[in-house]
Amino acid sequence: MTDFKLDGAPKIVEPTVYELSSPGRIGVDFPEPDVPRTKLPDAMLRKELPLPELSEVDVVRHFVKLSTFNYSVDSGFYPLGSCTMKYNPKINEDTARLPGFANLHPMQPIETTQGALVLMFQLQEWLKEISGFDAITLQPAAGAHGEFVGVLMMRAYHRDRNDMKRMKMLIPDSAHGTNPATSAMSGLKVVQIPSDERGNVDLDALRAEADDTLVGMMLTNPNTLGLFDENVEEICQIVHDAGGLMYGDGANMNAMLGITKMADLGFDVMHYNLHKTFSTPHGGGGPGSGPVCVTAELADFLPAPIVDVVEEEAEGLPPLFGLVDPPKTIGRVKAFHGHFGMFVRAFTYIAMHGPDGLRDVSEYAVLNANYILARLRDTYHVPYDRICMHEFVAEGRWKDAPDIHALDIAKRLMDYGFHPPTNYFPLIVHEALMIEPTETENKVTLDTFIDAMLKIAEEAHATPDLLHEAPHNTPFGRLDEVKAAKDLVLCCWLPENYGEQ
Amino acid sequence: MTYIPHSPKERDEMLATIGVEKLKDLFHAIPAAHRYPDLDLPPALTEMEAAAELNEIAQANESAAELVSFLGAGVYNHYIPAAINHILLRGEFYTAYTPYQPEISQGTLQAIFEYQSMMANLTGMDVANASHYDGSTAVAEAVNMAIAQFRGKRKRIVMSAGVHPQYRATTNTYTQFADLDIVGTEAGSLSTPDALAELIDENTALVVVQYPDFFGRVFDYTKLGEAAHKAGALFCIVANPTALGMLKTPGEMDADMVVGEGQPLGIAMSYGGPYLGFFTTRQKYVRKMAGRLVGESVDSRGQRAFVLTLTPREQHIKRERATSNICSNQGLLALAAGVYMSLLGQTGMRHVAELCYHKAHYAAEQIANLPGFELCHDEPFFHEFVVCCKEPVAEINAHLLEHGIIGGYDLGQDYPDMQNHLLIAVTEKNSKEEIDALVSVLAEVNHD
């Protein structure tokens, strides 16, 4: 265990904006009013506003300094499984910031926002084409939000048929935590379905639960082991035969572009993660964007609004695009029309790739993952070892190195200049290391990473403390997470004597 | 254009290492009948072509960059200091993911900790989380939190008609299978806190009001909060962060949660998103709050450092026992808001709030002097107000647009009893000249 014993106060590497504050400083000024002043409502004024005070240069240096403590895709290889940390093209940042997009108010008259609406309509069409579905909403703000929207639509579908006994959602044991959380949040009972020895859904266990209380099943495919479920069509059939609907978690769509269409396999609903598959940046944890596609059967339940043609093309005038509420809509799932800034980025990305480029994305993402797998499988045990899709899961443990955990390997990788793989998940693999290289990494990068992984495996046996104490070469060491949860310091303040400084 | 760097030689070497001949050989697990479908998409563009095409699409819009705008209704056209964008464009911030590995994510972690602190201080509360998707989902999550607080035994939510209509709609969507009794519109569209207090009963889990309300009105909700607490219910205020630059804090009104839309804090309007849902609460409810939280700690080298904390509340640990499924949030927008508040500081935040207040009151006074227009309410307001018109708002707005002005929000869209009611927003960006232009074009409307 890491020793967190402190001698005296902790060393401050970079002060907070509160500690940098000095009375009277300002980072941006505003003009005096050009209209007559109106009397302020005295009884309703706040007594103090304890925010920090800094100059612009203080602010810029502070945040630039903080940025240097971050590892990012722009800094290096980031094989964080299930997150698709591919390169984020710079042009996307420029197009999303074009003044005609950035300064557009969401409730302007549609006659003034035809550019934005055309872009959204086109993106809807493209995302439908890539997945094979009939209808789509761009509104959900993230993958988990898209899941919630999808599950609400599944429930609304059954409700519309007066089939109210359906309260059960089937979820494989390999699923990401958002799937069971989403189902529970929607008031459903979650039943876990085990995986078989090839990493597929256990069909017998599935059949045993497929009855008339089924809302449906949430399946990630390729699944979180990075494996394409070999029985996917049969799974969809079993669920459909029981009157249930198939939800496809599109977290792993980076392996499927132009390779197969999820609707063709039998799925009824699927969400995309634009921030994974279509390279909209992850932003240090968001914003994401989670459009949801459905079959024609579910189209009427889509959230309001969607973009559609409201006046057909006529007499040389182009069609007028507008916002439309589907007839049996589940309602609005957020204010306005979704993360438009992310739509511009994804649109730019798809337009630049075209159909062949998108297929290349998936082929090379899968090539890169299989290449790492091929070179690591003799050293790291891979419990479900077959051709993987865009990622795979290895075990970070050895019988002859009993004290080494996946976490130690992850931390040691930082010393070699890499972001670690995902290492708590999926739960069905002990000491999981989930590695997703993406298509944007070249062979030299992959080889350097593989060499580091092989070296770490040697170190795990020869010098295990090197791993236990890692990372060594990063600006910060391991964190005392127990202290954070016990003390719960979630906020800082200006010092009490601040005004007297 | 793709961003795939492999040379054909490298690709072939890799295939050989894997032990397959062609890329297609990697996809045998996919049912043959559905493998390699046609994709009917336009052919690829180069970067230069894409830049031109996107530029053309953007120019098909008429935005607040060219037009004068008095449209608010939850999204406000504020000045965004230049430094914000430069910091957001640091690749170290925008191309990182959730700071699960604190040793190499202290930039994001400390920035969120500072954002949490500034948000708590601005609202007068104890703690803020790392963000929700937007104001609407923050309200829906507040409702979920209140329902969970009473373990589902209290079913009534009192939500004022003065809460943004789209936030109320989102809450209805979120809770449609939860069998809740959401009331509030009974008290009238332009209801007062007293009328709302009448709806609180012992089955009430939460009372939600907006501050300033959707119509711009400013109420002291202290007594309403007392009424909520007397009934054992929680009290949530949906606040506009710009207004909090000058107005009494929701914390002073004893709110249990203060949530809202952070877009006014240096975030582009961007046709509706991405924005920033903020969520603050009392220390005693921190474990009930959804979303990520950053806490202070130390590292193994004795350095102060920050880390995601109370993660067992979250979906990746708690799975089906979690009360929220939120995972990705609005990290980069929380950074923008943090930089905005750092740049403006206490002086700038107060200054912007007062500018909005003075300009809105000037506009309201001028418009109220016009024949055929009057203010629909006499309560204090902040930077938005409702004008009762003689003509349909759509016609007035169409006329304004002909003069290069985006008019206000047509309240009749959401409130059937508020036909011909125009909601006008004024920010620090609207000059006296622009306001005078608005007034003179409105004057023409009634002459027509």
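The values are calculated or read from the model by the stated rules, or taken from the named source; none is laboratory data. No experiment lies behind these values; they were computed from the predicted model shown. Please note: Cβ atoms are built from the backbone with ideal geometry, for glycine as well, and neighbour counts cover all protein chains shown.
Here are some notes:
- In the set A:ALA96, A:ALA102, only one residue is among the aliphatic types (A, V, I, L, M), closer than 30 Å to A:VAL17 by Cβ and more than 7 Å from every other protein chain (Cβ to nearest Cβ); that residue is A:ALA96.
- For B:GLU365: the one exception among (1) within 24 Å of the chain's Cα centre (by Cα); (2) surrounded by fewer than 24 Cβ atoms within 10 Å (Cβ to Cβ): (1)
- Residue among A:THR2, A:THR16, A:THR84 that is touching a Cys at 6+ places or on another chain (Cβ under 6 Å) and in a loop (DSSP other than H, G, I, E, B): A:THR16
- No other residue among B:GLU62, B:GLU92, B:GLU47 is at the interface with another protein chain (Cβ under 7 Å from one of its Cβ atoms), within 15 Å of A:ASN103 (Cα to Cα) and acidic (Asp, Glu) apart from B:GLU62.
- Failed item in (1) within 7 Å of another protein chain (Cβ to nearest Cβ); (2) in contact with a Lys or Arg (Cβ under 9 Å, 6 or more places away or on another chain); (3) closer than 30 Å to B:ILE435 by Cβ; (4) not acidic (Asp, Glu), with B:HIS6 passing the rest: (3)
- Test result for B:TYR285, hydroxyl-bearing (Ser, Thr, Tyr), more than 7 Å from every other protein chain (Cβ to nearest Cβ) and within 30 Å of B:LEU438 (Cα to Cα): no
- Note on the stretch B:290-310: among residues that are over 15 Å from A:GLY8 (Cα atoms) and without any contact (Cβ under 8 Å) to a residue 60 or more places away in the chain, the one that is farthest from the other protein chains (Cβ to nearest Cβ) is B:LEU310.
- Residue check: B:ASN325 meets all listed conditions (1) under 19 Å from the mean Cα position of the chain (by Cα); (2) crowded, with 24+ Cβ neighbours inside 10 Å; (3) touching a residue at least 60 places away in the same chain (Cβ under 8 Å); (4) at negative phi but one, namely (3).
- Condition met for A:ALA208 (without any contact (Cβ under 8 Å) to a residue 12 or more places away in the chain, among the hydrophobic types (A, V, I, L, M, F, W, C) and closer than 28 Å to A:LEU302 by Cβ): no
- Scanning the stretch A:114-166 for residues that are at the interface with chain B (Cβ under 7 Å from one of its Cβ atoms) and among the acidic types (Asp, Glu) yields A:GLU129, A:GLU147.
- Boolean, A:PHE301 is surrounded by 24 or more Cβ atoms within 10 Å (Cβ to Cβ), at pLDDT 95 or above and under 30 Å from B:ILE4 (Cα atoms): no
- Conditions (1) more than 7 Å from chain A (Cβ to nearest Cβ); (2) within 30 Å of A:CYS236 (Cα to Cα); (3) charged (D, E, K, R); (4) in a loop (DSSP other than H, G, I, E, B): number failed by B:ASP25: (4)
- Matching entry among B:GLY162, B:GLY124 (being over 20 Å from B:TYR415 (Cα atoms) and either touching a strand residue (DSSP E or B) at 6+ places or on another chain (Cβ under 9 Å) or more than 9 Å from chain A (Cβ to nearest Cβ) (or both)): B:GLY124
- Residues (of a type in the set (Lys, Arg) and either out of contact with any His (no Cβ under 8 Å at 6 or more places or on another chain) or within 29 Å of B:GLU49 (Cα to Cα) (or both)) located in the stretch A:298-349: A:LYS328, A:ARG332, A:ARG345
- When each of A:PRO52, A:PRO23 is tested for being in a loop (DSSP other than H, G, I, E, B), more than 7 Å from chain B (Cβ to nearest Cβ), in contact with a helix residue (DSSP H, G or I) (Cβ under 7 Å, 6 or more places away or on another chain) and in contact (Cβ under 8 Å) with a residue 24 or more places away in the chain, the lone residue that passes is A:PRO23.
- Failed item, numbered, when B:VAL68 is tested on (1) in contact with an Asp or Glu (Cβ under 6 Å, 6 or more places away or on another chain); (2) on the phi > 0 side of the Ramachandran plot: (2)
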